[in-house]
Amino acid sequence: MISFLICLALLVGGYFVYGKVVENTFAPDDRETPAVKINDGVDYVVLPQWKLFLVQLLNIAGLGPIFGALQGALWGPIVFLWITFGTLLAGGVHDYFAGMMSERNNGESISEITGIYLGGVMKNVMRVFSVVLLIMVGTVFAVGPAGLIVKLFQENGATGVVATTLFWLIIILVYYFIATFLSIDKIIGKVYPVFGICLIVMAVGVAIGIFVNPAYTIPEIWSNFRSMHPASTPIWSFMFITVACGAISGFHATQSPLMARCMKSERQGHFVFYGAMVCEGVIALIWAAAGCSLYEVTGGLNTGLQAVLGGGQSAAIYDVCAKTMGGIGIALAMLGVIACPITSGDTAFRSARLVLADWMKLDQGSYKNRLILCVPVLGVGAVLGVGNALGFIDYTIIWRYFSWTNQTLAMIVLWAASMYLFYDKKNYWITAVPATFMSAVSATYFVLAPECLGKLVNTYDAEGKLLAYNTLVAYPVGIIVAVLFLGIFLYSIKKRNVSPQYNTLKK
């Protein structure tokens with residue numbers, strides 16, 4: 001419990017200390033923001049700071065800091081360290097610069113921002129990455145809430161699980177279409193603050209439930225400084241990929257431009273972007289603590305948590321809420337957990353529309369142009385969601401591809417931010433260090449993960465069951481890739497220091 005409280009204090013203190021360092025490095029000023037300068041009444045709309053914060057929090061805090069943190073808790077309380085330092089040194093930095101670079105470039109999508117600082121090839125890579133990631137996120141955040149609602153109905157004796165899931169999935173997708181199509185202040189700006197408060201209260205309720213119940217004890221990091229994963233899955237780099245939204249997430253870079261288009265002042269960035277990431281880190285820390293403390297440990301392994309997660313993410317979340325609060329509290333918690341992914345899913349599809357709009361240069365002030373993009377984007381999401389509900393598409397496979405794509409996108413954004421800081425003659429190491437770290441994470445995972453190259457390098461038995469991860473190959477590859485990327489960056493800035501582009505680059 002002491003280590004949990006220390007990590008919680010570090011997160012809160014880090015917002016004021018390291019968050020201020022990040023803000024001072026960027027150096028916001030009083031220039032006219034895109035929300036004021038463009039203000040199209042659809043995507044560029046001035047919103048008050050408190051609303052910007054709550055909308056940003058719900059944009060980024062889908063199932064990630066809840067389900068991801070519970071999955072991360074399988075490794076034991078060592079996950080607290082990744083959530084804490086990942087949030088402060090990587091995630092908060094990533095979200096802040098993603099939002100502020102967009103704000104400095106008329107609120108453009110992150111793919112276009114990447115192209116400005118890393119070139120045309122990376123722009124096209126990011127366009128594809130962003131759209132694929134956002135559609136996967138929207139699908140994940142439609143299937144998850146539908147399953148959770150069905151879980152509630154099952155507890156009350158309802159039958160026809162598949163039919164019920166399909167019904168709620170269709171309802172959620174219809175809402176997504178409306179929220180994606182309408183101007184940002186019509187639904188998102190009005191409903192999100194209410195759900196944001198529910199999300200925060202829900203997290204506090206889970207934390208209080210752990211502390212007041214003597215049956216639950218949050219284990220200490222120093223007493224369990226090892227992997228407690230029942231499947232012996234390596235900490236590096238699986239834990240760093242699994243716990244994404246509660247530490248660092250490329251998905252956030254696709255969401256931050258939404259609020260960059262609604263800020264009245266650049267000085268709101270610290271609270272809106274870095275602050276929302278820290279708040280999400282706190283939420284993830286609480287859920288990770290719940291996963292570590294509520295379930296049976298067998299032989300030093302989190303077998304109890306593994307068993308409840310085996311029943312599905314919805315069952316695990318429901319079980320945590322029931323154990324920590326019960327009664328009226330569980331209703332509030334379930335509302336927060338259902339609303340949380342839904343309010344990330346709709347902005348995921350909205351962001352996909354905007355990425356495509358920037359890519360195709362389609363003015364989104366036109367109803368026709370919005371329909372041209374909304375229909376196919378939501379159509380693909382509907383096919384994936386229905387396929388999962390009918391058992392044709394495995395949800396866990398979607399989540400795995402989402403996780404790797406997510407962290408790889410975060411890596412690219414951090415390298416773009418490093419180049420931005422170089423051109424702006426600022427301390428680029430504040431982003432280059434986490435960019436190098438995430439390069440190693442993504443490369444190592446790509447080699448080890450069964451859905452990537454793992455089938456080729458790992459050891460399997462005759463029936464295809466995984467016997468051992470080939471870390472002797474994957475770990476050196478991850479380090480080499482990280483050093484290579486850092487070397488390319490350092491070579492590039494040395495070369496560009498004498499290039500005419502240095503004086504003409506759009507900032």
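Checking GLY107 against (1) in contact (Cβ under 8 Å) with a residue 24 or more places away in the chain; (2) part of a helix (DSSP H, G or I): exactly one of these is not met. Which one? Every condition holds for GLY107 apart from (2).
Scanning the stretch 273-323 for residues that are modelled with pLDDT of 90 or more and either touching a Lys or Arg at 6+ places or on another chain (Cβ under 7 Å) or polar (S, T, N, Q) (or both) yields a count of 6. Just one of the numbered conditions (1) more than 25 Å from PRO219 (Cα to Cα); (2) under 20 Å from the mean Cα position of the chain (by Cα) is not true of GLY68: (1). Looking only at the stretch 419-457, which residues are in a helix (DSSP H, G or I) and of a type in the set (Lys, Arg)? The answer is LYS455, and nothing else.
Of the helices (runs of 4 or more DSSP H) lying entirely inside the stretch 203-298, those containing at least 3 residues that are more than 18 Å from GLY92 (Cβ to Cβ) are 235-242, 275-293.
The single condition among (1) open to solvent by less than 50 Å² (accessible area, probe 1.4 Å); (2) at pLDDT 95 or above that PRO450 does not meet is (2).
Within the stretch 35-89, no residue satisfies the criterion of being open to solvent by 10 Å² or more (accessible area, probe 1.4 Å), β-branched (Val, Ile, Thr), under 22 Å from GLY13 (Cβ atoms) and assigned to a helix (DSSP H, G or I). Any residue that is on the phi < 0 side of the Ramachandran plot, of a type in the set (S, T, N, Q) and without any contact (Cβ under 8 Å) to a residue 24 or more places away in the chain - is there at least one of those in the stretch 123-133? Checked against the condition, which is being on the phi < 0 side of the Ramachandran plot, of a type in the set (S, T, N, Q) and without any contact (Cβ under 8 Å) to a residue 24 or more places away in the chain, the stretch 123-133 yields at least one hit.
Screening the stretch 371-394 for residues that are part of a helix (DSSP H, G or I) and surrounded by fewer than 19 Cβ atoms within 10 Å (Cβ to Cβ) and picking the one that is modelled with the lowest pLDDT gives GLY387. Pairs under 6 Å by beta carbon, first residue within 11 Å of ILE66 (Cα to Cα) in the stretch 297-323, partner modelled with pLDDT under 90 and charged (D, E, K, R), six or more apart or different chains? Listed by first residue and then by second, the contacts come to SER314/LYS151.
Would you mind stating whether SER223 is within 30 Å of LEU466 (Cβ to Cβ) and in contact with a Phe, Trp or Tyr (Cβ under 9 Å, 6 or more places away or on another chain)?
Working: within 30 Å of LEU466 (Cβ to Cβ): yes; in contact with a Phe, Trp or Tyr (Cβ under 9 Å, 6 or more places away or on another chain): no.
Taking the combined requirement at face value, the residue does not satisfy it.
Does VAL204 count as open to solvent by 20 Å² or more (accessible area, probe 1.4 Å), β-branched (Val, Ile, Thr) and more than 24 Å from VAL131 (Cβ to Cβ)? Yes, satisfied. When LEU166 is tested against (1) open to solvent by less than 70 Å² (accessible area, probe 1.4 Å); (2) modelled with pLDDT under 70, exactly one condition is not met: (2). Looking across the stretch 329-365 at every residue that is of a type in the set (Ser, Thr, Tyr) and modelled with pLDDT under 75, the one that is surrounded by the most Cβ atoms within 10 Å (Cβ to Cβ) is identified as THR343. If you go through the stretch 260-305 and pick out every residue that is open to solvent by less than 10 Å² (accessible area, probe 1.4 Å), touching a Pro at 6+ places or on another chain (Cβ under 6 Å) and among the β-branched types (Val, Ile, Thr), you end up with 1.
The values are calculated or read from the model by the stated rules, or taken from the named source; none is laboratory data. A quick note: this is a predicted structure, and the numbers were derived from the prediction, not measured. FYI the Cβ positions are ideal-geometry reconstructions off the backbone, even for glycines, and counts take in every protein chain you see. Accessible surface is based on the protein model in full, side chains and every heavy atom, while ligands, DNA and RNA are left aside. Shrake-Rupley method; radii C 1.70, N 1.55, O 1.52, S 1.80 Å.
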